[in-house]
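In what follows, a structure is listed as structure tokens, so that the remarks can point back to it.
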Amino acid sequence: MPRHRSRPAAALLAGLLSTGALATTATLPTTAHAATAATTAGTTTTIPLALPAPTGPHPVGTTTLHLVDPRRPDLWAPTPRPRELMAQLWYPAATCGGPAHRLAPWLDPAALAHLESDYLGAAPGQLAWPATHSRHDAPADRGTRHPVVLYSPGSRADRAFGTLAAEDLASRGYVVVAVDHTFDAGEVSFPDGRLEVRNKPAVFAMTDAGIVDYRTADVRFVLDRLTELAAGADPDAEHRPLPPGLGAAIDPATVGMVGHSMGGATTVQTLHDDPRVLAGVSLDGPVFGTAATDGVDRPLLLFRASDERPVRDAMWDALWPHLGSWRRQLTLGDSGHGTFSDLEALLPAARPVLGWPAGQLDAFLGTLAPARAVDAQRAYLAAFFDLHLRHRPTTLFSGPSAAYPEVRPDRRDGPDRWNGPDRWDGPRPGVSGTGPRRPRPPASARPPCPAPGPSS
């Protein structure tokens, strides 16, 4: 059904979208005219882009799953078909990999070409996109079952937009699973060579609550397939070979979730709907659906950008009294909506060739130094999931941090230790991921993975 809004609400939404509060993108041009003009003026050198390396002790592997849900028709597809998704997994790898396991690209060439023209307004060949720090199909570390963190990107965003967070969590011992919400994502590549792009009219024919419900169903379906994978099945539609040991590395009983923008709304709704998800983080996301009125009863971190957006703040104010258990709200200083994505690290160098209006990039990313923004987000995400999935106490949420002065604690409730039915003072018997595992040398005793070369 079409979405209906009052005139004041529509005006507020227009202001919100212009800074990217409800969608991952701000209002951006859809042509490369500005980039073409820059090229004509002499900007012809290819600009190299880079992603910061993960900080944990584990090498990282990655793989993709093509998942088809025959029980659910795709309401956003241009032709009748079952719901079809791509998911990407990042996981602790058993080794650094080698020639058989090359570094995975950030996005494949077809998706990158569409992203450049449709989203960035950049002419072809002006940007040299980086490889990631993850080895494609590298054998998984099966010494223990690792906690799972689900990731949902924002509207118009791809799963790759969360690579920085995913690689870092995987290097710290998590299996991170990102979902491309097909036809809401900007571009999704499938194993048969198809590139499906966003179907905005179909998506916007739903109410905001309907969009979040539909995305939440995507996440729950992916979690079902992960449970099958952990039990030894291959849920990939083509049954492509899985990385050795991947199923044995997944702990489907210890699951958290993080999402950016509309992915944040999806995270809150998934917490509401699915008891398998034990804790969640909303990165600058709105709140829609039944979770907005019912709240959630499991730990939730609300982490927002510092730009002023009254509608987002009103949503969070209304949600706060309905949150049980552990809850925190943080603000990342001098940040913008896009700060909570890989674009924070990638786009500043691309500024000369972006087809964006003057000032749009600063409004989208804020003025905080990218390295500081990435470091702070990684630290708080790791501390949150370590606390609630591994039950490791932390002081990072107790107040302002000298290490991360850019992060402002806004409000809090609940102790900085596991907030379960009983006080937790150590590993709980029977909790997945806390039992015996094979001996593993400390990180300081393991040789680091060598820096990858251009052909690695």
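The values are calculated or read from the model by the stated rules, or taken from the named source; none is laboratory data. The structure displayed is predicted, hence computed values, not measured ones. Cβ sites come from the backbone with ideal geometry, for glycine too, and all protein chains shown count toward neighbours. Heads up: the accessible areas ignore ligands, DNA and RNA and are worked out on the full protein's heavy atoms, side chains in. Shrake-Rupley method; radii C 1.70, N 1.55, O 1.52, S 1.80 Å.
Where in the stretch 46-126 are there strands (runs of 3 or more DSSP E), lying fully within it, with 2 or more residues that are at pLDDT below 95 and open to solvent by less than 50 Å² (accessible area, probe 1.4 Å)? Working first, answer last.
Numbers: elements: 60-73, 82-92, 103-105.
Fully inside the stretch 46-126 and qualifying: nothing.
Evaluated against (1) among the acidic types (Asp, Glu); (2) in contact with a strand residue (DSSP E or B) (Cβ under 7 Å, 6 or more places away or on another chain); (3) open to solvent by less than 10 Å² (accessible area, probe 1.4 Å), ASP342 falls short on exactly one condition, (2).
Could you check the stretch 134-157 and list, in sequence order, the residues that are within 9 Å of the chain's Cα centre (by Cα) and in a loop (DSSP other than H, G, I, E, B)?
Looking only at the stretch 134-157, we keep the residues that are within 9 Å of the chain's Cα centre (by Cα), and these are 150-154.
Listed by number, the residues that qualify are PRO153, GLY154.
Taking the numbered list (1) part of a strand (DSSP E or B); (2) open to solvent by 10 Å² or more (accessible area, probe 1.4 Å); (3) within 17 Å of THR270 (Cβ to Cβ) in turn, GLU196 passes all entries but (3). Answer with yes or no whether GLY453 is loosely packed, with under 15 Cβ neighbours inside 10 Å and at pLDDT below 95. Yes, satisfied.
So, in the stretch 170-185, of the ones that are more than 14 Å from the chain's Cα centre (by Cα) and open to solvent by less than 10 Å² (accessible area, probe 1.4 Å), which residue ends up nearest to THR266 (Cα to Cα)?
Initially, the stretch 170-185 is screened for residues more than 14 Å from the chain's Cα centre (by Cα), giving 171-173, 182-184.
With open to solvent by less than 10 Å² (accessible area, probe 1.4 Å) added as a condition, the list becomes 171, 173, 182-184.
Numbers: SER171: 25, GLY173: 24, THR182: 14, PHE183: 16, ASP184: 13 Å.
Taking the candidates together, the pick is ASP184.
Do the conditions hold for LEU365, that is, is it in contact with a helix residue (DSSP H, G or I) (Cβ under 7 Å, 6 or more places away or on another chain), free of Cβ contacts under 8 Å to residues at least 24 places away in the same chain and surrounded by 18 or more Cβ atoms within 10 Å (Cβ to Cβ)? Taking the combined requirement at face value, the residue does not satisfy it. Just wondering, is there one or more residues in the stretch 234-248 that are in contact with a helix residue (DSSP H, G or I) (Cβ under 6 Å, 6 or more places away or on another chain), outside any loop (DSSP other than H, G, I, E, B), open to solvent by less than 30 Å² (accessible area, probe 1.4 Å) and farther than 22 Å from LEU301 by Cα? The answer is yes; a qualifying residue exists.
Here is the figure for the stretch 371-396: residues that are out of contact with any Leu (no Cβ under 8 Å at 6 or more places or on another chain) and either without any contact (Cβ under 8 Å) to a residue 60 or more places away in the chain or surrounded by 15 or more Cβ atoms within 10 Å (Cβ to Cβ) (or both) total 9. Against the conditions (1) in contact with a strand residue (DSSP E or B) (Cβ under 7 Å, 6 or more places away or on another chain); (2) part of a loop (DSSP other than H, G, I, E, B); (3) more than 30 Å from PRO59 (Cα to Cα), ASP184 satisfies every one except (1). Within the stretch 281-301, the set of residues being touching a residue at least 40 places away in the same chain (Cβ under 8 Å), open to solvent by less than 10 Å² (accessible area, probe 1.4 Å) and assigned to a loop (DSSP other than H, G, I, E, B) comprises ASP284, GLY285, PRO286.
One line per residue, one yes/no per condition, for (1) assigned to a loop (DSSP other than H, G, I, E, B); (2) under 25 Å from ALA131 (Cα atoms); (3) touching a Gly at 6+ places or on another chain (Cβ under 6 Å):
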site	(1), (2), (3)
ALA318	no, no, no
GLY324	yes, no, no
ALA349	no, yes, no
ALA376	no, yes, no
LEU381	no, yes, no
PHE385	no, no, yes
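The number of residues in the stretch 322-333 being modelled with pLDDT of 95 or more and open to solvent by 30 Å² or more (accessible area, probe 1.4 Å) comes to 2. Only one entry in ARG225, ARG327 is within 26 Å of ARG372 (Cα to Cα), out of contact with any Ser or Thr (no Cβ under 9 Å at 6 or more places or on another chain) and not β-branched (Val, Ile, Thr), namely ARG327.
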